[in-house]
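Trainee: Starting off with a structure, shown below.
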Ligand SMILES: NC(=O)c1ccc[n+]([C@@H]2O[C@H](COP(=O)([O-])OP(=O)(O)OC[C@H]3O[C@@H](n4cnc5c(N)ncnc54)[C@H](O)[C@@H]3O)[C@@H](O)[C@H]2O)c1
């Protein structure tokens, strides 16, 4: 049996405790150390997973300096992702990093530089929506040309992020960073991956609004418009301040088909699409087996276990799939499609949207690093 990958885990809060559970469910990895500032919570989570309290450490350096640890798994609050990942890579560890990759532009640049200079190190940013099976299905359909050329694509990310109890740090700009990195980035990442077989983003125009309902220091509402190099347009309504349910509405409009995902309706009506190639131009509801059968479209029924991105509860997210993906990357010495460097184009849209909202101007992509460094040095 090959050696298990040894994980140094950081931050066993709401999301961290779910990810730790997924690691313990994996045969090829084990958690050998935990750094959790809240000692009582750390012990509780370890106990609930049948792990020894002995592996709790009181200093992050004990994770970084432990020669037995292969990978550092960061699920700490946002502002720690940059410094903790940089320290881990400098110590020769692979890094799993929750989004956002970093809350300062300098840390973001440093992460990419470290990855480029250390190709043996595997990294990953948790843009989790990409592991949803509906997203996978849709990505394949776009790549196979079921919708022709996509000319317009909208993906929203609107739901009030969880600020309950000690998650109140999310109201503090110096810890949370910006609202795009806090959550809206999920829909940007899904949009870029869906469009990737056809086009690349070349410009961003964004506006934002101050907090309307809760006390976010950073603007929690963004409207982001993307231009692609094939003249297609992408749009995202992002709002982490308020909402009633999880709105990850998708609307793809192509020359030969269209696709709509409504997150806030009953399962059978959540997905509908039409395609000249595969549905003879008729709308079909692939999550409604009865309707598909009645209309002679049974071959288009999606499997019962198809997941859709419509829950604000991380327990229901595809954490098992993303944990499995990153462990496979390490085992097989393979770069993830969501490494710091591979997902750079997604994070850059977040930085560019902040610049655009502040200046009222469109920002070109790829981002001019020198201009962005100057812009963010004052913030
Ligand atoms: N990918 C996703 O869909 C998704 C979903 C939820 C949360 N997240 C991310 O997970 C991270 C944690 O969010 P959460 O909602 O679980 O928050 P949380 O507050 O529940 O958990 C954070 C934990 O980190 C601990 N902590 C505080 N300072 C620390 C430090 N310096 N080093 C290590 N640990 C520290 C806290 O005690 C707490 O237990 C955030 O970065 C968030 O963006 C991602």
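Trainee: Do you know which of the residues in region 281-300 that are crowded, with 18+ Cβ neighbours inside 10 Å and over 28 Å from residue 157 (Cβ atoms) is modelled with the lowest pLDDT?
Mentor: Among those that are crowded, with 18+ Cβ neighbours inside 10 Å and over 28 Å from residue 157 (Cβ atoms), it is 297.
Trainee: Take the conditions surrounded by 22 or more Cβ atoms within 10 Å (Cβ to Cβ) and in contact with a strand residue (DSSP E or B) (Cβ under 6 Å, 6 or more places away or on another chain) and apply them to residue 352. Does it pass?
Mentor: yes
Trainee: While we're on this one: Exactly one of these conditions fails for residue 251: (1) surrounded by fewer than 17 Cβ atoms within 10 Å (Cβ to Cβ); (2) farther than 24 Å from residue 131 by Cα; (3) touching a strand residue (DSSP E or B) at 6+ places or on another chain (Cβ under 7 Å). Give me its number.
Mentor: It is condition (2) that residue 251 fails.
Trainee: Related question: Residue by residue through region 110-133, note down the ones that are more than 16 Å from the ligand (Cβ to nearest atom) and buried (at least 18 other Cβ atoms within 10 Å of the Cβ).
Mentor: If the condition is that a residue be more than 16 Å from the ligand (Cβ to nearest atom) and buried (at least 18 other Cβ atoms within 10 Å of the Cβ), then 110, 112, 114, 115, 121, 122 are the ones that fit.
The values are calculated or read from the model by the stated rules, or taken from the named source; none is laboratory data. Worth saying up front: this structure is predicted, and the values here are computed from it rather than measured. When we count neighbours, we look across all protein chains shown, and the Cβ atoms used for this are built from the backbone with ideal geometry, even at glycine.
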